[in-house]
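Have a look at the structure below before the remarks.
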Amino acid sequence: MQTSSSLMSGISELLLLNLLAEREMYGYELARTIRLTTKDAISVGEGVLYPALHTLERSGWLRARRRVVGGRTRVYYSLTPAGRRRLGTMNQEWHRIAGGVQAALRGDHG
Amino acid sequence: MADSNEYERLIRGGIAPRRARRALREFAEHRSDIVRERLSLGDSAVDSALAADSRLGTATVLVDNMLASPELKSWSRRRPWLAFALAPVGVFCAVFVGLSLAILAAVNLYKATLGDLHAAPSLLQGISAGIGHAATWGIPILVSGAFVLAAIRRRESSLWPMAGVLLICMIGGCTNFDLVLPSVSMTPGLTIGIGFSTEAPAPPLSRAAAMVFVTLLPYLWARRQWAGRGVRAAE
């Protein structure tokens, strides 16, 4: 099913921030975790993952650091304090919208 | 070759060189991770590569997406007048003042540890003369050179870097820096100033012109080189 790209970009940001709130991860690990945790329902295009991560970093919500793991250099991303605040706001907003949509789908008009 | 073309596109699009290199490296590492994943699942090398291409897309897609994000443009691309005209002048002034303060501190330290500067040795006299030349010639050339080098690396248009060079060289041409150490028995002195006399405009103007020549000539040559490389990358 095709999903609206603007809606998906907001969801991608929400997903990325939520996953990185748990632990720092590198790009491939993030893409794989999204696929596994959402059971392939949501697939962040892996080619657009890096522009999204760099944009979040540039906005001050993520920080990136280079780490050598198993002989390979990885760029790990983690949340900054500003990113945690942003995540809190986004989560609230998401629950508000999701609650509204669910209510509409259930037919709660009263 | 593909990578260098994509790098060139990113830089010309206003992405900072460090960010461009990092994004392309992350992309390549991600691709090799997908290939490893598919190989470990028993796919052939060809199928693994196809799977990587299908999931990740090409580097061109990455570049297109990065260039479509205005947030990723470097601050020097957003404010080139600040990065390549005003900031160099600020750095030049800071280096000039910093060097002056360092020399004052060194002279005071010398006096405190070795007594008054009576008959400073000829080596010190030579060093003080060298510092004077470094301050009046070296600092403007090095600072403007560093900024034009940054402009070349970032593929900036030449307007603001050239304006920055002209400003620094004009100010640098008007600066005076004389550190006088006593040769027999006199008080040491440090004279620093900036001035332009309409009665004798030739010395500062010729000094400024020489510095502009020394800085801009290699810059314009380097610009021609990367302009040609950009055309080849586009082809």
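What follows is calculated from the coordinates using simple rules that are stated; it is not laboratory data. Quantities reported herein were computed from a predicted structural model and do not represent experimental measurements. Cβ coordinates were reconstructed from backbone atoms using ideal geometry, including for glycine residues, and neighbour counts include every protein chain displayed.
You can think of it this way: the chain between B:S206 and B:S122 has 27.2 nm of extra reach, that is 0.36 nm per residue less the Cα-Cα gap.
Residues considered: A:S78, A:S59, A:S12. Largest GNM mean-square fluctuation over chain A, using C-alpha springs under 10 Å, is found at A:S59.
Residue by residue, the stretch B:47-54 carries 3J(HN,Hα) couplings of 5, 5, 5, 5, 5, 4, 5, 6 Hz when phi is fed to the Karplus relation 6.51 cos²θ - 1.76 cosθ + 1.60 (θ = phi - 60°); x denotes Gly or Pro.
What length, rounded to one decimal in nm, is gained on full extension from B:T60 through to B:T198, with 0.36 nm per residue of separation minus their alpha-carbon distance? Mind dumping the intermediate values first?
Details: separation 138, 0.36 × 138 = 49.68 nm, distance 5.74 nm.
Working it through step by step, the gained length comes to 43.9 nm.
Scanning residues 5 or more positions from B:I15 or on other chains, those with amide H under 5 Å from its amide H are B:S74, with H placed 1.01 Å from N in the peptide plane. Across peptide B:22-30, the average count of Cβ atoms from other chains found within 10 Å of a residue's Cβ is 5.
Here the Karplus relation 6.51 cos²θ - 1.76 cosθ + 1.60, evaluated at θ = phi - 60°, turns the backbone of the stretch A:21-38 into coupling constants of 5, 7, 6, 6, 9, 9, x, 4, 4, 5, 4, 5, 5, 4, 4, 6, 6, 9 Hz, with x for every Gly and Pro. Mean partner shielding of peptide A:50-63, defined as the number of other chain Cβ atoms within 10 Å of each residue Cβ, is 4.
The Cβ shell under 13 Å around B:R78 holds other residues with a net charge of +3, Lys and Arg each +1, Asp and Glu each -1.
Protection proxy ranking of B:45-58, B:137-150, by the mean of other Cβ atoms within 10 Å over each peptide's residues and highest first, is B:137-150, B:45-58. For the peptides B:9-21, A:62-74, A:80-92, the ranking by packing is B:9-21, A:80-92, A:62-74, with the highest mean count of neighbouring Cβ atoms within 10 Å listed first.
Over all residues in B:63-69, what is the mean tally of Cβ atoms on other chains that come within 10 Å of each residue's Cβ? Intermediate values should be presented prior to the final figure.
Working: counts 2, 3, 9, 5, 1, 2, 6.
Other-chain Cβ atoms within 10 Å of each residue's Cβ, averaged: 4.
This ranking places B:Y219, A:Y76 by how few other beta-carbon atoms lie within 10 Å of each, fewest first, which gives A:Y76, B:Y219. Relative to the longest principal Cα axis of chain A, at what angle does helix A:81-106 sit, 0 to 90 degrees, rounded to 10? Tilt of helix A:81-106: around 30 degrees.
Which of rounded, prolate or oblate describes the stretch A:5-104 when judged by the alpha-carbon gyration tensor and an a/c cut-off of 1.5? Display every interim value, and only then the final one.
Details: a/c = 2.21, a/b = 1.56, b/c = 1.41.
Note, shape of the stretch A:5-104 comes out prolate.
For the stretch A:61-76, 3J(HN,Hα) computed residue by residue from phi via the Karplus equation (6.51, -1.76, 1.60; θ = phi - 60°) reads 9, 10, 10, 10, 9, 8, 9, 9, 10, x, x, 10, 8, 10, 9, 8 Hz, glycine and proline entered as x.
Inter-part distance, the stretch B:127-150 to the stretch A:65-83, computed on C-alpha centroids, equals 39 Å. Here B:A45 and B:S69 are evaluated by their C-beta separation; at R0 = 45 Å the FRET efficiency comes out at 0.85.
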